[in-house]
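Asker: Here you go, one structure.
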Amino acid sequence: MCQAYRDKYGCDFISAMPTNMCGTNDDYDPQGSHVLPAFIRRFHEAKIARMVSVTCWGTGTPLREFLHSEDLGRACVFLMENYSEGQFINVGSGKEISIKELAELVWRIVGFHGKIFWDPSKPDGTPRKLMDSSRLFSLGWRPQVDLEEGIRQAYTDSLAKLDKQ
């Protein structure tokens, strides 16, 4: 749509395509949340209930990329000031992590001390989701919030929401 408006009306519209996001104000719904808020919720609830283990879906081998929501905001401002092409541009961190490593990172941040088991009878999803953000990086933009800090912020933010439910 941005390209169509550029072509038809000469508008300087751009389209930025973000990767998987993390940060505050995420959706922790047990039925519809994405992997990161689902892990936060699952490990937090297991910690509170003093469970001895948590079972996660799949094998843990798929790879995912995450970007903090504040970095997406900074990237959008950066692009508005420094990018004016018709082609969409990817906005990602350029770093990937396995679902298993992600679960272990959330496990540690939440402070759940039980075991993590994997159920390979459940689906893994797409094997790899890493965007090519090299065009954005070549313009001089880089993310500022690393994944561990982003998860810490998300977990802190989630506590008020999860403890009310």
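Asker: Filter the cross-link list LYS115/LYS161; LYS47/LYS129; LYS47/LYS164 down to pairs whose alpha-carbon distance in this structure exceeds 18 Å. List each step's numbers first, then the result.
Answerer: Numbers: LYS115/LYS161 25 Å; LYS47/LYS129 30 Å; LYS47/LYS164 16 Å.
The answer is LYS115/LYS161; LYS47/LYS129.
Asker: Same structure, new question: Whose amide H sits under 5 Å from the amide H of CYS56, counting only residues 5 or more places off or on another chain, with H placed in the peptide plane?
Answerer: PHE117, TRP118, ASP119
Asker: Which label belongs to the value computed from this structure, given these candidates for Kirkwood radius over Cα pairs in Å: (1) 16.1; (2) 18.1; (3) 17.3?
Answerer: For Kirkwood radius over Cα pairs in Å, the calculated option is (3).
Asker: Between segment 64-114 and segment 35-61, how many Å separate their Cα centres?
Answerer: If we compute the Cα centre of each part, the gap is 21 Å.
Asker: Here's a follow-up. Between THR59 and PHE88, what length in nm is gained on full extension when 0.36 nm per residue of separation is reduced by their alpha carbon distance?
Answerer: 7.1 nm
Asker: What does the charge count near ASP27 come to, summing +1 for each Lys or Arg and -1 for each Asp or Glu among other residues with Cβ under 13 Å from its Cβ? Write out the running numbers ahead of the final one.
Answerer: Working: positive: ARG41, LYS161; negative: ASP26, ASP29, ASP157.
Taking every Cβ under 13 Å from that of ASP27, the sum is -1.
Asker: Quick one: HIS113, HIS44, fewest Cβ neighbours within 10 Å first, how do they rank? The partial results should precede the final answer.
Answerer: Working: HIS113 12, HIS44 21.
By the 10 Å Cβ count, ascending, the order reads HIS113, HIS44.
Asker: What share of the DSSP beta bridges in the chain is antiparallel, in percent to the nearest 5?
Answerer: Values: 3 of 16 bridges.
The answer is about 20 percent antiparallel.
Values quoted throughout were computed directly from the atomic coordinates according to the rules given, and no laboratory measurement underlies them. Given the structure is predicted, the values throughout are model-derived calculations rather than measurements. A quick note on method: Cβ atoms are made from the backbone with ideal geometry, for glycine too, and the neighbour counts reach across all protein chains shown.
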